Each structure stands twice: as structure tokens, then as C-alpha cells.
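Here's the structure, in C-alpha cells; my notes come after.
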Amino acid sequence: MPLGGGNKCGCCSKTVYFAEEVLCGGRSYHRSCFLCRVCGKNLDSTTVAVHDEEVYCKACYGKKYGPKGYGYGQGAGTLSMDKGEHLGIKPEETAPHRPTTNANPSRLAQKFGGSDKCHRCGKAVYAAEKVIGAGSSWHRIGCFTCATCGKSLESTTLADKDGEIYCKSCYGKQFGPKGFGYGLGAGALSHTQ
């Protein structure tokens, strides 16, 4: 501790006395100086984010240093187009997109550059809608259904044969044992003439 009674404030460089000291990231601050560097909001241990010895509220930190693009909105399912210019945050310039010139990319590049194809409809299946069943990718809604009756399936209600998926009931009717004594109900006998 230097002479003068306390550490130096990380913001104003004046002496910070014990009664007004806030510690963050190994530095001392006056309570009145412990503010977001962008919006000026008062901070505490639950709302602070530190970057290069500068303190920010979590919202401004996210706008300035967090992920950018579609799906990174602020609220419940919102899309925020706010880049923070009104808070003094300068958006980064991005380089223009240049498609690959490689005419024959490797299988690995094809795998990570694109997406799987749905076994039922043949369209692209992205991670958020993807279900794997019978060794293939399927759209969760619309395609991951029984081939016979169209009932929606889950991993516990799935049976497969020759790459096609069925509900357990239809699978039993089509591919299960046949004959006298193999009824569908709880121990029921079935006799047809």
C-alpha cells in the first residue's frame, strides 16, 4: 500500500481509502468510479465484465466484445440490430465474403462446410432440427415419422428396417411374427377366417 493511506484508483488514479474501496481484477476503484466505461452505469460484482483492465456492464461488454450476428439478441428470441454506435462502440469492418475456389474439396470440408441431407425429403438438415435414426439424419418435424402411419417418432418409439423408420406398432404388424396366437392386444388371440 503506497503512502497516503490507500491504493490508487484504476479509473481516476487518486487514492482509494478502505471505506470506499471496490476491488475488481486486482485493481482498486472508488465506488463512484466503478462505472461501465461505455454507458456509465454503476457496477457491482454481479454486473461487471473486465477486458484489458477496463470495466464494463455485461450488456456493453457483450455488444463490444461478444459474438455478432443473427441469433445473438438481447431478449427472449429477439434479434437486435443495435451495434452500440450511440454508446461510442465502433463496429468492426468485415472483409467481403469470398467463396472457395477449390473445385474438389475433401470429404471433411464437405462435412463441415455444408449440412447433412434428410433421408426422407433429401433437403439440408441443420443442427437445430436434426434427429438421427436408423443411421441417417432426419428433420425432427415432418420427416421423423413412421413410414406407414405418419406418426411422429422419438428415439424410444423407433424401429427401423432397411434404412426406413417405423413406429413400434406398425413395425410389429409388418415385420413381426405372424400366425395364430400373435395378437396385437394384451395376450389376445386373433383368429381370422
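Taking the stated definitions as given, is Y182 at pLDDT below 70 and surrounded by 10 or more Cβ atoms within 10 Å (Cβ to Cβ)? Judged against the criteria, Y182 is a match.
Selection of segment 1-21 for residues being assigned to a loop (DSSP other than H, G, I, E, B) and surrounded by fewer than 16 Cβ atoms within 10 Å (Cβ to Cβ) yields M1, P2, L3, G4, G5, C12, S13, K14, Y17. Close contacts from segment 158-177, counting a first residue that is without any contact (Cβ under 8 Å) to a residue 40 or more places away in the chain and a second that is among the acidic types (D, E), with Cβ to Cβ under 9 Å and a gap of 6+ residues or different chains, come to Y166/D160; Y171/D160.
Considering C170, C143, C121, the condition of being at pLDDT 85 or above, of a type outside the set (A, V, I, L, M), open to solvent by less than 70 Å² (accessible area, probe 1.4 Å) and not in a loop (DSSP other than H, G, I, E, B) is satisfied by C170 alone. Within segment 127-166, being closer than 16 Å to K117 by Cβ and touching a Gly at 6+ places or on another chain (Cβ under 7 Å) holds for A134, S136, F144, I165. Here is the figure for segment 22-62: residues that are polar (S, T, N, Q) and surrounded by 17 or more Cβ atoms within 10 Å (Cβ to Cβ) total 1.
The values are calculated or read from the model by the stated rules, or taken from the named source; none is laboratory data. As the structure is a prediction and not an experimental result, all values here were calculated from the model. In this analysis, Cβ positions are derived from the backbone assuming ideal geometry, glycine residues included, and neighbour counts consider all displayed protein chains. Each accessible area value is taken on the protein alone, full model and side chains, heavy atoms only, with ligands, DNA and RNA left out. Shrake-Rupley method; radii C 1.70, N 1.55, O 1.52, S 1.80 Å.
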